[in-house]
1. Among the residues of the stretch 263-273, is any at pLDDT 95 or above, surrounded by fewer than 18 Cβ atoms within 10 Å (Cβ to Cβ) and within 19 Å of the chain's Cα centre (by Cα)?
2. May I ask you to list the residues in the stretch 198-241 that are out of contact with any helix residue (DSSP H, G or I) (no Cβ under 9 Å at 6 or more places or on another chain) and farther than 23 Å from Glu176 by Cβ?
3. Considering the stretch 95-104 alone, what residues qualify as being surrounded by 22 or more Cβ atoms within 10 Å (Cβ to Cβ) and either in contact with a Pro (Cβ under 9 Å, 6 or more places away or on another chain) or outside the structural domain of Val162 (by TED's automatic domain parsing) (or both)?
4. Which condition from (1) among the polar types (S, T, N, Q); (2) without any contact (Cβ under 8 Å) to a residue 40 or more places away in the chain; (3) surrounded by 17 or more Cβ atoms within 10 Å (Cβ to Cβ) is the one that Gln43 breaks?
5. Taking the criterion of being in contact with a Gly (Cβ under 8 Å, 6 or more places away or on another chain), in a helix (DSSP H, G or I) and assigned by TED's automatic domain parsing to the domain that holds Asp66, would at least one residue in the stretch 130-143 satisfy it?
6. Please count how many residues of the stretch 157-203 are closer than 23 Å to Ser86 by Cβ and touching a residue at least 60 places away in the same chain (Cβ under 8 Å).
7. Report, by residue number, each residue of the stretch 345-359 that is part of a loop (DSSP other than H, G, I, E, B) and either assigned by TED's automatic domain parsing to the domain that holds Asn56 or of a type outside the set (Lys, Arg) (or both).
8. Considering each residue of the stretch 307-358, count those that are over 22 Å from Arg254 (Cβ atoms) and charged (D, E, K, R), and give that number.
Amino acid sequence: MFYKNARIYCSDFRFHMGAFEVRDGVFGEVLPEDVPADAIDLQGATVIPGLIDVHNHGNSGADFSDGDYEGLKKMAKYLAESGITSFAPASMTLPYDVLEKAFATAKQLRDEAPEGHARLMGIQMEGPYFSEKKKGAQNGAYLKAPDFEGFKKLYDGCDGLVRIVDIAPELPGAAEFVEKAKDLCTVSVAHTDAAYDDAKMAFDKGATHLTHLYNGMPGIHHRAPGVIPAAVEADGVRAEIISDGMHIHPSAVRLAFTMFGGERMILVSDALRCCGMPDGEYELGGQPVFLAGGVAKLADGTLAGSATNLFDCMKNAMKFGIREEDAIRAATYNPACSLGAQDKIGSIAPGKYADFIVCDSDYTIKAIYLGGKN
């Protein structure tokens, strides 16, 4: 099937007017020279790849760390209906046996791949190797030092589905952990009070990711630069940012894209189970979370994750002044790279899954396709 007369966000990270083909669930020709007469006319609509959220805890009352398969399916269904066609659910700082159960549900969803649900393309293991000082909404009772053997057991138990593992580089054993884990998945610096030298060490050893930039780390100081300048200077490091309008001021979002460039930024939701739900009390990693007016906080007022999905975060980024092309790349191709899945998802290119969104010019969704099916 061919689609024509579309404003297509192509694999060169630019828009082109033209046509594209979907064949057997994957993209065929893009901008073909000859378009069949029976091609579907999209009447100038904007077409972008399906979004990819690599940091998502939950929605619709469900949380990945619950270890409940039906809850994870509910999450994946909501995401698919919101334009997020692939995701990597994020765990919390919890005991290994709880994580093992949750990771098993991820493997089951990956293997069963129910139709109409977002593709599970990995797991982000957020914790327990974090700093007490910067734990944020993570449960301090379960924090521990980097433990490669424990991590490897979890990794093997879910068939290598952990695609991002988070670590505070100032902790004892962090250097050795990064050196070993980098050969298995993306290593991310997160929930850390690291000084510049410790952060630089982690990036020199092979960490290539920064979890929710600005949050859970020291701010930039001209005499104590900390994590962020170390990440900017390390060319291969990509940085997540939560563009929900609550976690980060719009000017700081613009600053992040200026520092890292559109090719290194990743938009994430960091959404909690309260995403898509009414105000009230919820739970996160064994702690109560209170949602009021779209803001989720712990009982002590600590800002928790967000109640916003990635599609809305992408639109927010555009409203904040991020170039349209950069905001889309940060929600599609760049996260695919962090999962090591850029050959399957993240752009409209021949041979990749035909996951795409048809939008109006203001990014109102008109149709969502997963594997070429609406």
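The values are calculated or read from the model by the stated rules, or taken from the named source; none is laboratory data. Owing to the predicted nature of the structure, the values given are computational and were not obtained by experimental measurement. Cβ sites come from the backbone with ideal geometry, for glycine too, and all protein chains shown count toward neighbours.
1. The answer is yes; a qualifying residue exists.
2. His212, Asn215, His221, His222, Arg223, Asp235
3. Just the residues of the stretch 95-104 that are surrounded by 22 or more Cβ atoms within 10 Å (Cβ to Cβ), to begin with: 99, 102-103.
Those that are surrounded by 22 or more Cβ atoms within 10 Å (Cβ to Cβ) and either in contact with a Pro (Cβ under 9 Å, 6 or more places away or on another chain) or outside the structural domain of Val162 (by TED's automatic domain parsing) (or both): Leu99, Ala102.
4. All conditions pass for Gln43, except number (3).
5. Scanning the stretch 130-143, I find at least one residue that is in contact with a Gly (Cβ under 8 Å, 6 or more places away or on another chain), in a helix (DSSP H, G or I) and assigned by TED's automatic domain parsing to the domain that holds Asp66, so the answer is yes.
6. 6
7. Of all residues in the stretch 345-359, those part of a loop (DSSP other than H, G, I, E, B) come to 345-347, 349-352, 354-355.
Across the stretch 345-359, the qualifying residues are Ile345, Gly346, Ser347, Ala349, Pro350, Gly351, Ala354, Asp355.
8. 4
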